[in-house]
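Data block below; observations after.
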Amino acid sequence: MNPLKGTNGQLMVMAAHRYCLGRRSYIVGACQEWLKAHWDEFERNTQNVIVRDTIGALIDEDAGDDCDVQSWKHFAGWAWDEIDTPSRRWVKRAVAHKQKPWPLTPPNTPPPSPSL
């Protein structure tokens, strides 16, 4: 049985990711490696929430120390490239209320357009 299948499996993925956001230890890199290795096994909504939460933590300056922030930016850029256009729109709308600068820069991602 695949522990990632079903609602509880996907919730556990999101919970583990949220635990790792803002940590200042080896767990940051371990989490990012694991997420990348299993990315295609996650449901679209789970991927979207991971990207939204990562970008949100970067916007809120709550992603750890400088080395962790750079690592989360790299991960967020990678994950951004992995999601489709409708998912990118969803993420942009989900963090728009923060009204802070977009944390990722080209070549990974363009800043969100004001019309979204």
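Rule-based calculations on the coordinates, nothing more; no lab input. Note that the coordinates shown come from a computational prediction; the quantities given were computed from them, not determined experimentally. We place every Cβ from the backbone using ideal geometry, glycine too, and count neighbours over all the protein chains shown.
Observations
- Kirkwood hydrodynamic radius of the stretch 21-67, from inverse mean 1/r over distinct Cα pairs, in Å: 11.4 Å
- Mean residue ellipticity (222 nm) of the chain, computed from DSSP H runs ≥ 4 via -39,500 (n - 2.57), nearest 500: -20000 deg cm²/dmol
- Note on GLU43 and HIS74: the extension gain reaches 9.0 nm, defined as 0.36 nm multiplied by sequence separation minus the Cα-Cα distance.
- What you get for the chain, charging only the Cβ of Lys and Arg (+1) and of Asp and Glu (-1), is a dipole of about 380 debye around the Cα centre.
- Projecting the Cα atoms of GLY29, ILE50, PHE75 onto the charge dipole of the stretch 6-98 (Cβ charges, centred on the Cα centre) puts ILE50 farthest toward the positive pole.
- P(r) tail fraction, the chain - alpha-carbon pairs more than 16 Å apart, %: 57 percent
- Non-local lysine pairs in the chain, meaning eight or more places apart or on different chains, with alpha-carbon distances under 23 Å, amount to 7.
- Longest site-free stretch - the chain; sites: trypsin sites (Lys or Arg not before Pro), DSSP loop, at most 16 other Cβ within 10 Å: 25-116
- Among the chymotrypsin sites (Phe, Trp or Tyr not before Pro) in the stretch 1-64, those placed in a DSSP loop whose Cβ has at most 15 other Cβ atoms within 10 Å are TYR26.
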